[in-house]
Amino acid sequence: MEQATGSTGLVAPGRWHRGTWPAGGAVLIAEAAAAAAGLGTAALGGPHWAAATAALAVGAGALTRVRGTSGAEYAADRLRLRASGGAVVETAPYPGGGEIGVRRADRVLTTLVRLAPPAPQLVAMLRHEDPAVPVRLLADLLRHADTPAARIDLLLAGGRLPGEPPAPRMRYQQLLGPLHRWATTDVLVAVTIDPADCAAACARRGGGPSGELRVAALAARRTVDVLRAQGITALPLRPAEVAGIDPHPPAGSVPCDPEALTRGDLGAMFSGDAPGRAAISVRPGEAGGIRIGAWRTAVGTDEAGRRGDHEATGPAAALAALHVPLGGSGQILGSDATGGPVAARLHGRGVRTVWAAVADDPARQLVERAVATGARVLIVTGRPAMWQPLVNWVGSPRHLWISGWRYPQELAELAPADYTVTVLDGTAAGLTPGSVEPAGTVWRIEQAGISPVTEADVVLSQPLPGMLTVRTDGGAATLRLVA
């Protein structure tokens, strides 16, 4: 029995179905164990009733769940992991030129496409207005006439607080509160084909394993075309990059509530502070519809999710209601007129330069939050005394340091290239920046009131104390600073 619980058009399975029925593999293992127990008892000369009792006891015991998992299900999981460990990565010619990696496992082939994050822009964290993955359009690949995909997986990696030093993490966690938005997000699209579903396409491309590889590469190309038509830069992964990536849920992962999916609520996927993984899987459903499920890695004291049916079903058009951010929200910069938090990416992929003409306290705040959201910052400055209290408070030279200072003996191997953000502090005022070749994202920090002398991806300035104006290619806004 199914029940509709949301306005997206998706339908969640009834609660009875979500945790009741074991998977087919577990049932087969339980049946084999029961048969072995019954035959063993009979072979030892036991009466028929004893053999039947032994078979029933062993079979029932194998399917009895303790903390959400039965012995048969545990054994089936181990066998599945062993099978996935036997996956091989092969090389296929890409229709756009060059070669890509194809993962072959369990008679299906999977290619992976990496999505580039959008250019830095303001993100209102309480709204879903930032660029998103076009899940609805990708689902059309499931019904492609030539190379229908067996499943589409959006593989996400990131976290709300991916930084490591505890002091800035704890303070930023208090600022974030219950917001379920990742600061950093890496997005892969895994496209899986079953050669049995594409037999004609494989035959037209030479047949055999080589024909299957060409069809898998063509499915990857069509995925890239769908994304590029939406202005999203995407590239298929090379063989070395594909190795080690499994689109299936890892052991101990937690399935997301299908009722939340029917409401378009993906918040549970992005609840983890530390770096973690999450995914959305879309498969063909009945009558031209789709089946969709989601999972995330366990957080803190989470237990593995209950077994059963955790997929919502419905028309493909319902996927348009799901907002999967194309990139991380970045770090909180301030609040808008309604009091809602506003963030922007100030480091990471796609962010080359940041110009900030701000007072000392906001400058330190920007650096502190960058460390909390995963940046490793090297400060090049002529006024180290201004930064020293922050560096001492963070307490991790690997994540925040001042150029020219001597590293602790155990970290003597650190070099400027090990940092992802280089802060050039006060260079426009004539302060010596040092002989450091900037690595990663370059921040230029000046005193408030100085106009930028170079183009930057993000420009920050202070029109008034307590206020911050943020300009990106996507727009501008004046925010109220929040501590």
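The values are calculated or read from the model by the stated rules, or taken from the named source; none is laboratory data. Note that the coordinates shown come from a computational prediction; the quantities given were computed from them, not determined experimentally. Quick reminder, even Gly has a Cβ in these numbers, built from the backbone with ideal geometry, and neighbours come from all protein chains shown.
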Exclusive hit being modelled with pLDDT under 95, in the same structural domain as LEU161 (by TED's automatic domain parsing) and in contact with a strand residue (DSSP E or B) (Cβ under 6 Å, 6 or more places away or on another chain), set ALA219, ALA243, ALA234:
ALA243
Taking only the stretch 194-225 into account, find how many residues are of a type in the set (A, V, I, L, M) and surrounded by 19 or more Cβ atoms within 10 Å (Cβ to Cβ).
9
Complete set of residues in the stretch 297-314 that are modelled with pLDDT of 75 or more and either part of a loop (DSSP other than H, G, I, E, B) or surrounded by fewer than 20 Cβ atoms within 10 Å (Cβ to Cβ) (or both):
THR297, ALA298, HIS310, GLU311
Every residue from the stretch 170-184 that is surrounded by fewer than 24 Cβ atoms within 10 Å (Cβ to Cβ) and either assigned to a strand (DSSP E or B) or of a type in the set (Gly, Ala, Ser) (or both)
GLY177
Going through ALA167, ALA149 one at a time, which residue ends up being outside any loop (DSSP other than H, G, I, E, B) and in contact with a helix residue (DSSP H, G or I) (Cβ under 8 Å, 6 or more places away or on another chain)?
ALA167
I need the full set of residues from the stretch 468-483 which are part of a strand (DSSP E or B) and farther than 16 Å from VAL351 by Cα, in order please.
LEU468, THR469, ALA476, ALA477, THR478, LEU479, ARG480
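To keep it simple, each residue is scored yes or no on (1) farther than 22 Å from ARG345 by Cβ; (2) in the same structural domain as ASP457 (by TED's automatic domain parsing); (3) assigned to a loop (DSSP other than H, G, I, E, B); (4) under 19 Å from the mean Cα position of the chain (by Cα).
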| site | (1), (2), (3), (4) |
| --- | --- |
| GLY97 | yes, no, yes, no |
| LEU109 | yes, no, no, no |
| ASP153 | yes, no, no, yes |
| ALA157 | no, no, no, yes |
| PRO162 | no, no, yes, yes |
Against the condition surrounded by 19 or more Cβ atoms within 10 Å (Cβ to Cβ), in contact (Cβ under 8 Å) with a residue 12 or more places away in the chain and out of contact with any Cys (no Cβ under 9 Å at 6 or more places or on another chain), how does PRO239 come out, does it pass?
no
In the list LEU44, LEU56, LEU112, LEU39, which residue meets the criterion of being under 27 Å from VAL224 (Cβ atoms) and at pLDDT 70 or above?
LEU112
Failed item in (1) out of contact with any Leu (no Cβ under 6 Å at 6 or more places or on another chain); (2) touching a residue at least 12 places away in the same chain (Cβ under 8 Å), with THR262 passing the rest
(1)
Output the number of residues of the stretch 315-338 satisfying the condition of being farther than 29 Å from ALA251 by Cβ and assigned to a strand (DSSP E or B).
5
Looking only at the stretch 257-289, count every residue that is assigned to a loop (DSSP other than H, G, I, E, B) and either among the β-branched types (Val, Ile, Thr) or farther than 30 Å from VAL371 by Cβ (or both) and tell me the total.
6
For the stretch 388-407, give me the residue count where each residue is closer than 16 Å to THR420 by Cβ and assigned to a helix (DSSP H, G or I).
1
Inspect the stretch 198-208 for any residue being outside the structural domain of SER335 (by TED's automatic domain parsing) and touching a strand residue (DSSP E or B) at 6+ places or on another chain (Cβ under 8 Å) and give the result as yes or no.
no
Looking at the stretch 364-375, which of its residues are of a type outside the set (S, T, N, Q) and surrounded by fewer than 24 Cβ atoms within 10 Å (Cβ to Cβ)?
ARG364, LEU366, GLU368, ARG369, GLY374
I need the full set of residues from the stretch 344-365 which are part of a strand (DSSP E or B) and in contact with a Leu (Cβ under 6 Å, 6 or more places away or on another chain), in order please.
ALA344, VAL354, ALA356
